[in-house]
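Scroll down for the structure; my scribbles are underneath it.
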Amino acid sequence: NLQPGDFDAVSKNADLAVTAAPKSTVYYFSLNQKNEKLAKPEVREAFKYLVDYDALQDTLLKGIGEIHQNFLPKGILGARDDNPYKLDVAKAKELLAKAGLPDGFSVTMDVRSQQPVAGVAESIRATAAQAGIKIEIIPGDFKTILTKYRARQHDMAILQWGVDYWDPNSNAETFATNPNNADDSMNKTLAWRNAWDVPADLQQETKDALTERDADKRSSMYADIQQKVRDTGPFIFLWQETEI
């Protein structure tokens, strides 16, 4: 579990060798739709243009992660490898103005007090500020943040999700379904935790993909589901973890 600084030092030592492999863990930050500003579609989209993905890849994530803007990790059926979003402050400002928030707004972000997540949060705060969004970072331990997240009491939070079993439904079900958006729902998917009332047709497509027997068709269905969640959902997918 080497970090970038360790990786650089080890790489320069001829007596040491490293082995690196991608994990099924995908990092993202999400927007709680109970916050009326974050619930605006244009605001959700604006945040996707307020991350300096290239800079993160070259610094904080160097060697330990790869920018990945989809909920299925590479290596699993139907995973997409396209990353359409780039830092574009002008585009974000345009979207915020369309949402009726031309001067931006203030919001909080819950973040674990460790690297590289803490550094990523600082980077996002800096780029978001360029569009007038003021992010207050609330650092904490994983247990505290997860408890708050599961209670839908956050504004934004940076977290990760790992595949529970090696099938695309493991991630599709939690990111793309929310059969009951009420606070007392028994099915508390990640979409539910962020109060995202997932469109009925997207939920049905996710349900159908689970039982599709044709592998090629099933792969295509998951590719489509990922794009819809990526483009319209409250999740900003950041990177897939590499373990060294």
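With the cut-off at 1.5 for a/c, could you classify the chain from its C-alpha gyration tensor as rounded, prolate or oblate?
Because a/c hits 1.5 or more and a/b fails to exceed b/c, the chain counts as oblate.
How would you classify the stretch 54-185 from its alpha-carbon gyration tensor, with a ≥ b ≥ c the square roots of the eigenvalues: rounded for a/c under 1.5, else prolate if a/b is greater than b/c, otherwise oblate?
rounded
Looking at the stretch 1-78, which GluC sites (Glu not before Pro) are DSSP coil and have at most 15 other C-beta atoms within 10 Å of their C-beta? Could you put the intermediate results ahead of the total?
Details: sites: E36, E42, E45, E66; in loops: E36.
Counting only loop positions with at most 15 other Cβ atoms within 10 Å, the GluC sites (Glu not before Pro) in the stretch 1-78 are E36.
Whenever you get a sec, line up M109, M186, M221 from highest to lowest accessible area (probe 1.4 Å, protein heavy atoms). Present the calculation step by step, with values, prior to reporting the outcome.
Working: M109 0, M186 180, M221 30 Å².
Largest to smallest exposure gives the sequence M186, M221, M109.
Per 0.36 nm of contour for each residue apart, how much would the distance between E136 and R150 grow if the chain were fully extended, relative to their Cα-Cα spacing? Mind dumping the intermediate values first?
Numbers: separation 14, 0.36 × 14 = 5.04 nm, distance 2.01 nm.
Here the segment from E136 to R150 would lengthen by 3.0 nm.
Per DSSP helix of 4 or more residues, -39500 (n - 2.57); summed, then divided by the residues of the chain. What does that give at 222 nm, rounded to the nearest 500?
Helix contribution divided over all residues of the chain: -11500 deg cm²/dmol.
For a protection proxy built on the mean count of beta-carbon atoms within 10 angstrom, sort 143-152, 117-126 highest first, please.
Going by the mean number of other Cβ atoms within 10 Å, highest first, we get 117-126, 143-152.
Roll a 1.4 angstrom probe over the protein heavy atoms and tell me the percent of accessible area of the chain that is carbon or sulfur.
On the way: 5520 of 11440 Å².
It is 48 percent, rounded to a whole number.
Calculate, in nm to one decimal, what A14 and A55 gain on full extension: separation in residues at 0.36 nm each, minus their alpha carbon distance.
11.9 nm
Counting only heavy atoms of protein chains, what accessible area per residue, in Å², does the chain have with a probe of 1.4 Å?
Roughly 47 Å² per residue, with all protein chains present.
Quick one: order T177, T19 from most to least accessible surface, probe 1.4 Å.
Numbers: T177 20, T19 110 Å².
The ordering from most to least exposed comes out as T19, T177.
Less than 25 Å apart at the alpha-carbon level, and either on another chain or at least 8 residues along: which lysines does that give for K86?
Qualifying lysines at Cα under 25 Å: K23, K37, K40, K48, K62, K74, K98, K134, K228.
What distance in nm separates the two pseudo spin-label positions at E66 and E36, each 7 Å out from Cα along the beta-carbon direction?
4.4
The values are calculated or read from the model by the stated rules, or taken from the named source; none is laboratory data. From a predicted model like this one, the values you see are computed outputs, not experimental measurements. Virtual Cβ from ideal backbone geometry, glycine too; neighbours counted across all protein chains shown. These area figures cover heavy atoms from the full protein model, side chains too; ligands, DNA and RNA do not enter into them. Shrake-Rupley method; radii C 1.70, N 1.55, O 1.52, S 1.80 Å.
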